[in-house]
Amino acid sequence: MLLSKKYIKQVVSSFIYLYPFEKPRDFIDTVICAKYLQSKGIIVQLCSLTPAKNSEIYLKYKNNLVTSKKIDSTSYSKLTYMPKECIELIKNYPEIFYFYYFYNFKELNEILKIEKRLHLENSFGFKYHYLSKLLY
């Protein structure tokens, strides 16, 4: 990434989180890496894992799919902002609207709590000292 920045005007690095086997420490490490690249002028995107139908991970964890009003879909807004009729369609037809779903896993709520405390929705606008409190 950093070498690319030397030759390419605008470099973008994307990170994916909320894997069904992810641990809070994995998430924190991802954020630290993303923040470091951002400090070097790299444009950083942090996106939640969205199920891709018939992918290996989807087939393995498809019974753990849930919707959430707390998590943005990678491509679409939170369900909170939708009419009730749309929400019902999404919940009744997960095989069509799978991109509104997420994998429910043991560490999900803990990772979401960390994400909320770090205010990641504000373009990584969180304070470094908070990370050190989480890490040590």
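Quick note: the coordinates plus some simple rules give every number you see, no bench work behind them. In this text, all values refer to a predicted model and were calculated from it rather than measured experimentally. Every residue, glycine as well, gets a Cβ built from its backbone with ideal geometry; the counts of neighbours run over all protein chains shown.
Could you pull out the trypsin sites (Lys or Arg not before Pro) across region 1-59 that fall in loop regions by DSSP (anything but H, G, I, E, B) with no more than 13 other Cβ atoms inside 10 Å? Intermediate values should be presented prior to the final figure.
Values: sites: Lys5, Lys6, Lys9, Arg25, Lys35, Lys40, Lys53; in loops: Lys9, Lys40, Lys53.
Filter output for region 1-59: Lys9, Lys40, Lys53.
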| note | Set Lys23/Lys84; Lys91/Lys113; Lys5/Lys35, cut-off 22 Å on Cα-Cα distance; pairs above it are Lys23/Lys84; Lys91/Lys113
